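Written out below as structure tokens is the structure these notes cover.
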Amino acid sequence: MENNGSDLFVIILLGFFLMLFMVSFIIIMVIYHRQRQIQNKQRLKSIQTEFEKTILNAEKEIREDTLTHVGRELHDNIGQLLSLAKMNLSSSKPEKVSEGKSMINQIIREVRALSKTLNLDWVDSITLEEFIQRELAKLESAEFCKTNFVKQGDSIQLDKNTKLILIRIIQECLNNAIKHAEPKTVSISVVKNEAYLSIYVKDDGKGFNINANSNGSGMSNLKNRMNAMRGEIKIRSEEGKGTEIELSLPISNA
């Protein structure tokens, strides 16, 4: 009887400790799970904040570039047209007056077009491919260099914020080529597959030593902007052999 009572006591004691262990384990797991939830919420909030900050910076820089472009157009193009229109309208020849009136109509159209670029509504009305082709056309018309555009795969519908950031990144890549590379040709390829949207910006200019320039502010800005979209950037360059910048963005984030 004493042995049976002792065995029963041991079983009860083991059961108690086992139950205590299970309850403690459950409590620890609940606390751990809640802590992970809090950490994940903080991480998501941080990612969202960084993404919003990236969008605001992109908007600010695009507006600054747009104002510079508008100022240049007003001075170089509109100003010249106004001078010619004034001369023609002051002429006593009917054909010159008619030509002057046509110039005034052209000026009105161009001023209206410029006014539309002062806000960012145009981002909604243009695809990424159309924007790239427009930017390359500017390089061609300025006789800066030859350009080439290649598209592989179907077009992808980007949300405005993602498109805005990509537009700014592409502008920055092209600006770097203009300022530093002195290329004869700039090429941009847009490749879409089932998993990724990839954009390749390539020039045949001077190139540079990546190891010596990897920590520059320009490179950091590009990387930070791609990171904000959970994308990736790869830069391949060699002195005297040009530069290629690869932007990869998961389709789910586009």
| field | Anisotropy class of region 127-254 from Cα gyration tensor, a/c 1.5 cut | value | oblate
| message | With both bridge residues required to lie in region 127-254, what share of the DSSP beta bridges run antiparallel, to the nearest 5%? | response | 75 percent
| query | Expressed in nm to one decimal, what extension gain is obtained for the pair Lys138 and Gln106 from 0.36 nm per residue of sequence separation less their Cα-Cα distance? | reply | 9.6 nm
| said: Rounded, prolate or oblate for region 170-239? Axes are the square roots of the Cα gyration tensor eigenvalues, ordered a ≥ b ≥ c, and the cut-off for rounded is a/c under 1.5. | reply: oblate
| Listed pairs Lys53/Lys202; Lys160/Lys184; Lys163/Lys206; Lys179/Lys234 exceeding 23 Å between Cα atoms | Lys53/Lys202; Lys160/Lys184; Lys163/Lys206
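Read-outs: derived from the displayed coordinates by stated rules, not from any lab. Treat the numbers as computed from the prediction; the structure is a model and nothing was measured.
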